[in-house]
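The values are calculated or read from the model by the stated rules, or taken from the named source; none is laboratory data. Everything numeric here is computed off the predicted structure, so don't read it as measured data. Methodologically, a virtual Cβ is constructed for each residue, glycine included, from the backbone with ideal geometry; neighbour enumeration extends over all protein chains shown. Each accessible area value is taken on the protein alone, full model and side chains, heavy atoms only, with ligands, DNA and RNA left out. Shrake-Rupley method; radii C 1.70, N 1.55, O 1.52, S 1.80 Å.
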Amino acid sequence: MALAPLATPDDLAARGLDVSDTALVDTMLAVASASVRAAAGSPIAQTTSTVKLSGGSGDRYLRLPGPPIRSVELVLVDGIEVTDWRLQGDRLWRAVGWGDECSGPVDVDVTYTHGLPEVPEDVVDLVCSLAAAGMAAATGGDYGLRAGIVAERIGDYSVTYAQGAEAVASVMELPRRTKQLLRARFGGSAGTVRHR
């Protein structure tokens with residue numbers, strides 16, 4: 001199931017953008033939100049996820065991705081529900097550890113609620129900026145074609161394209177510094193198996 005966009009058509013309209021093409025608006029908000037979430041390494045907005053982690057014999061703590069952690073609904077160790085754990089910040093603690101020395105590492109499936117109850121305004125604005133750039137490029141007929149242009153001069157016409165590390169694939173691509181800031185602020189590290 002896809003996550004809801006981090007901004008809404010109303011957020012775009014509040015910034016003076018035309019939101020009459022609902023299909024384009026919905027697409028660009030979804031793509032922009034996915035780009036921001038990928039950079040952050042977290043869903044950002046509150047959601048319920050199930051992750052599969054690996055627990056070793058000496059591990060008493062398992063870190064859950066996508067802080068802040070709101071609650072843990074279910075913990076399965078190799079498919080069997082356990083309740084002898086405690087949530088401490090963004091980690092699950094278990095006195096007996098998460099693995100067995102004889103059988104080796106175990107699979108730990110955790111269903112939990114995490115993320116922020118409201119998307120921060122600066123993140124909403126970032127998503128709106130990306131979506132607006134995508135909408136402008138799409139309605140201008142050059143979606144994805146102008147993303148690499150860094151300078152354009154009319155007198156003695158000249159175009160300079162980004163190269164190497166500065167080149168981008170689309171208007172939805174975030175600059176390296178923005179990605180680093182999002183990762184530092186919202187970062188998570190384990191992959192999500194499914195959302196519900």
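For TRP93, the shell of other residues with beta-carbons less than 13 Å away shows a net charge of +2, using +1 for Lys and Arg and -1 for Asp and Glu. The gain in end-to-end length when the ARG177 to ASP156 segment is fully stretched comes to 4.2 nm, 0.36 nm per residue minus the alpha carbon separation. Legend: P(r) of segment 1-160 from all alpha carbon pair distances, 5 Å bins from 0, whole percents, reading 2, 8, 14, 14, 12, 10, 9, 8, 7, 6, 5, 3, 1, 1, 0, 0. Of the whole protein surface, TYR157 contributes about 140 Å² of accessible area at a 1.4 Å probe radius. Averaged over its residues, segment 1-144 has an accessible area of 49 Å² per residue, based on protein heavy atoms and a 1.4 Å probe.
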